[in-house]
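Here's the structure we're looking at; comments come further down.
The values are calculated or read from the model by the stated rules, or taken from the named source; none is laboratory data. In this text, all values refer to a predicted model and were calculated from it rather than measured experimentally. Cβ placement follows ideal geometry from the backbone for every residue including glycine, while neighbour counts extend to all protein chains displayed. Protein only, heavy atoms only, side chains kept; ligands, DNA and RNA dropped before computing areas. Shrake-Rupley method; radii C 1.70, N 1.55, O 1.52, S 1.80 Å.
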Amino acid sequence: MNPGTASLPTADVRTLHVAGMTCASCVAHVERALMKVEGVQAASVNLATETATVTAPASVPLAALVEAVAKAGYEVRRDSLELDIEGMSCAACVGRVEKVLQRVPGVLTANVNLAARRAHVEIAGEVPTAALLAAVKKAGFGATPAAEVAEGAREAEAAVEEAALRRAVWIAVVLTLPVFVLEMGAHLIPGMHEWVMASIGHRESWLLQFVLTSAVMFGPGLRFFRKGVPALLRGAPDMNALVAVGTAAAWAYSVVALFAPGLLPEGTVNVYFEAAAVIITLILIGRLLEARARGRTSDAIRRLMRIQPRTARVRRGDAVVEMPIGEVAVGDVVEVRPGEKVAVDGELVEGASFVDESMITGEPVPVEKGVGATVVGGTLNTRGAFAFRATRVGADTVLAQIIRMVEAAQGAKLPIQALVDKVTMVFVPVVMGVAALTFLVWLLLGAAALPADTPVLSFALVCAVAVLIVACPCAMGLATPTSIMVATGRAAQMGVLFRKGDALQLLRDAEVVAMDKTGTLTVGRPELTDLVAAEGFARAEVLALVAAVERRSEHPIAEAIVAAARAEGLALAEAEGFAADAGHGVRATVAGRRVEVGADRLMRRLGLDVGVFADTAARLGDEGKSPLYAAIDGRLAAIIAVADPLKPTSVAAVQALHAMGLKVAMITGDNERTAHAIARQAGIDEVIAEVLPDGKVAALQRLAAGAAGRRRVAFVGDGINDAPALAEADVGIAIGTGTDVAIESADVVLMSGDLMGVPRAIALSRATMRNIRQNLFWAFAYNSALIPLAAGAFYPAFGALLSPVFAAAAMSMSSVFVLGNALRLRRFGAGAVPVAA
């Protein structure tokens, strides 16, 4: 029940756009559903504007209202917005931006990708973009709607950032090197200390280090203070705050030791200028390497964007005009010469050629194109010249859709990221607490554990600074998104599109791969598979005569026979006196010869014995093919079979799936005999035949209910009737040559009809998750394991201690390792797919 009016908390008014309402009864249903949500004070639905106005406290989550409407049988319309985020450096920044965006009224979800520096925001109702931008700005970051930022501008901005980092690194190195030599050289190089004392002097050396380190701190290192100090004051510390606090502590202690040594206990007057300078320099070097590597993670998207040509040659009256691709309209006729790229999607109206579609489908062999064939923008014309009529332009082209799919998948968060996000939100405050505790413990109890000549205060400071620096969480925020970005980009190059990023993780766990038969395992159209001529007849002669008769028929079997004859270059004579006998066959006279084609019962009616082909007929029956017979001039001439054959790669794909330890099933509406015959040829484990289109979902549920518990099932299909099964499966994989409805229902799309894309997608999924686990180890376990060493926990027993300088190097290298490891996925290829022995 909703709370009484006497104690109503402050309420917000939210507006939702509701789809699916048709009458006053629908309005009542939606209002009742919303009023049942705990905390809702009022709900008013307007049928004309299809809106619901809800009054409820901010504590009532928007997701609860959306779910209530969905349970009532209606849908709240959602919109999405992409924002480019500036100023993020670590996982804590990601969590902060997500949190402030999710607090904006009307926001359902907000996912932030550190590697792409982008936020994907899902909203319900009216949410001003300005409110989102203001929320991000208040959190200390910059934001711009992604639609307003051209890709060229992003690249230019990244180049400017990298150049600025490179300049900062060189300045920091030049200033830090003398500090390092002056302080550490005295310990590492024999005679160096005496030379410094004699030629420069002790205090003068410290003064020089102070000047140079201050230049590093407040020159190249100022960026850490500009971001870190405000974050610290907001109570949301990030990596910049850790670096700022750590280096400032070392610098401030050294300044006191230099200018007011009387304030420090006796024996603790030491300077750590070199630690502050080297930490900043090493972290800047790490950021430069990180920026370069991060740029390479988006290479796949940039390559896709460069595929499309900038101009097109369009017919205008009797002339051909070269114009920018953005001006090409649907219906324009575009000319393409050999070696040129196809500008937009279209249909050939003149000429013929072979087109290289590898950049879209991943298939290396050029595809033959003739009049009526479709071409895709961005593909390469290799030989002849042709003209085509534009059917899709701009954002509607296949290439534009591919880019959108890849960008959406790259911005997605895998289920594994949820745990990472929870940890990183508390990681930085915990580290700062551990650093403070380290300082206090050593300060209060260190005297008993340290040698008499070791200053306790200095030692405590060194340990606290090392803890702050080594535990910076920048690698944690990069561990998952960088792998996703590289993997989805590489998949797109191989003709595999992940429409939903979480499919990358779910596909790894698949135990059963179920496939539709027609159009998925098989070619999807009848083809002539067998023609065995009787003694005294030549195969080509029989095929030419039979095709001449069948050319008069509209039956799909007839079309397959005619297509086979034409493919073999046979001349087809005119058939006269054509007649069709339902259930038996057809007959006609071709070049004076009487030709009859049909089932065995037609041959028996003609008085012909088909027993001579008994063995062949039995074999064809075992293969699920129904034999036909041809008689010429009253003599039995041949046995013929037309069937929907397996695709050339189907058997290899099933073998590869078996080699990966997966069970393969086939779900089809065909009869048991044909289905089992196809299954035997392909090597499929389980067959579910004679399934009506609406029964595929139930068949998938049966496959998922394994004896040892629920199994994850991936389903591969291509048709409209496969859409419900694609949506029901844990991962739906659509053949890109199939229907738009099937593709929209799928999580993964294979751009070509090659079934080898399925084991490739699964192998890439496994490689990606393995890569992510490695990254998370280096981001979490590696840095966390060094915290006790940095805190000096092993010093009393083993004398082992992590210097702040080495802590900075270790922290920077963990980020570089994570990025470098993710980039290894760019080398993923066909060789990574196991092949059955």
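Remarks
- For segment 623-719, the set of GluC sites (Glu not before Pro) satisfying both a DSSP loop assignment and a count of at most 15 other C-beta atoms within 10 Å is given as 690.
- Efficiency of FRET from Cβ geometry, residue 509 and residue 47, R₀ 35 Å, rounded to 0.05: 0.20
- Shape box of segment 422-475 [Cα atoms, principal axes, largest first, Å]: 43, 17, 12
- Estimated 222 nm signal from helices in the chain, with DSSP H stretches of n ≥ 4 weighted -39500 (n - 2.57), rounded to 500: -15000 deg cm²/dmol
- Cα centroids of segment 771-835 and segment 231-249: 22 Å apart.
- Solvent-accessible surface (1.4 angstrom probe) belonging to residue 782, in square angstrom, nearest 10: 50
- Highest to lowest packing among 217-226, 63-72, scored as the average C-beta count within 10 Å: 217-226, 63-72
- Residue 712 accessible area, 1.4 Å probe, all protein chains in place, Å² to nearest 10: 80
- Cα-projected label distance for residue 133 with residue 686, points at 7 Å along beta-carbon direction, nm: 5.4
- Expressed as a whole percent, the accessible area of segment 628-779 that falls on carbon and sulfur atoms is 53 (1.4 Å probe).
- Distance from segment 641-710 to segment 583-603 (C-alpha centre basis), Å: 36
- Convex hull volume per residue for segment 538-591, taking Cα atoms only, in Å³: 75
- Shape summary: segment 1-114 maps onto an equivalent ellipsoid whose semi-axes, from the alpha-carbon gyration tensor, are 30, 18, 10 Å in decreasing order.
- Accessible surface, the chain, averaged per residue in Å² (probe 1.4 Å): 43
- Efficiency of FRET between residue 170 and residue 86 - r from beta-carbon atoms, R0 30 angstrom, step 0.05: 0.80
- Legend: P(r) of segment 572-708 from all alpha carbon pair distances, 5 Å bins from 0, whole percents, reading 2, 9, 14, 14, 14, 12, 10, 9, 8, 5, 3, 1, 0, 0.
- With bins 10 Å wide beginning at 0, the percent of Cα pairs of segment 672-728 falling in each bin runs 21, 48, 30, 1.
- Ordering of 575-588, 501-514 by packing [mean C-beta count within 10 Å, highest first]: 501-514, 575-588
- Ratio of Rg to Rh over segment 656-787 (Cα coordinates, Kirkwood Rh, two decimals): 1.08
- For segment 340-490, the average shadow cast by the Cα convex hull is 14.7 nm², which is a quarter of the hull's surface.
- Based on the Kirkwood approach, the hydrodynamic radius assigned to the chain is 32.3 Å, with every pair of different Cα atoms included.
- Ratio Rg/Rh [Cα only; Rh per Kirkwood] for segment 438-525: 1.48
- Positive minus negative residues near residue 766 (Lys, Arg vs Asp, Glu; Cβ under 12 Å): +3
- Average Cα contact separation per residue, the chain, under 8 Å, 6 or more apart, as relative contact order %: 11
- Peptides 134-146, 481-493, 324-336 ranked from most to least packed, by the mean per-residue count of other Cβ atoms within 10 Å: 481-493, 134-146, 324-336.
- Projected onto planes of every orientation and averaged, the convex hull of the alpha-carbon atoms in segment 727-827 covers 9.5 nm².
- Against the empirical 2.2 N^0.38 Å (N residues), segment 634-694 has a Cα radius of gyration ratio of 1.43.
- Where the Cα pairs of segment 110-171 fall when distances are cut into 5 Å bins, in %: 4, 13, 20, 23, 18, 11, 7, 3, 1, 0, 0
- Semi-axes of the equivalent ellipsoid for segment 344-400, computed as √(5λ) from the eigenvalues of its C-alpha gyration tensor and ordered from largest down, come to 17, 15, 7 Å.
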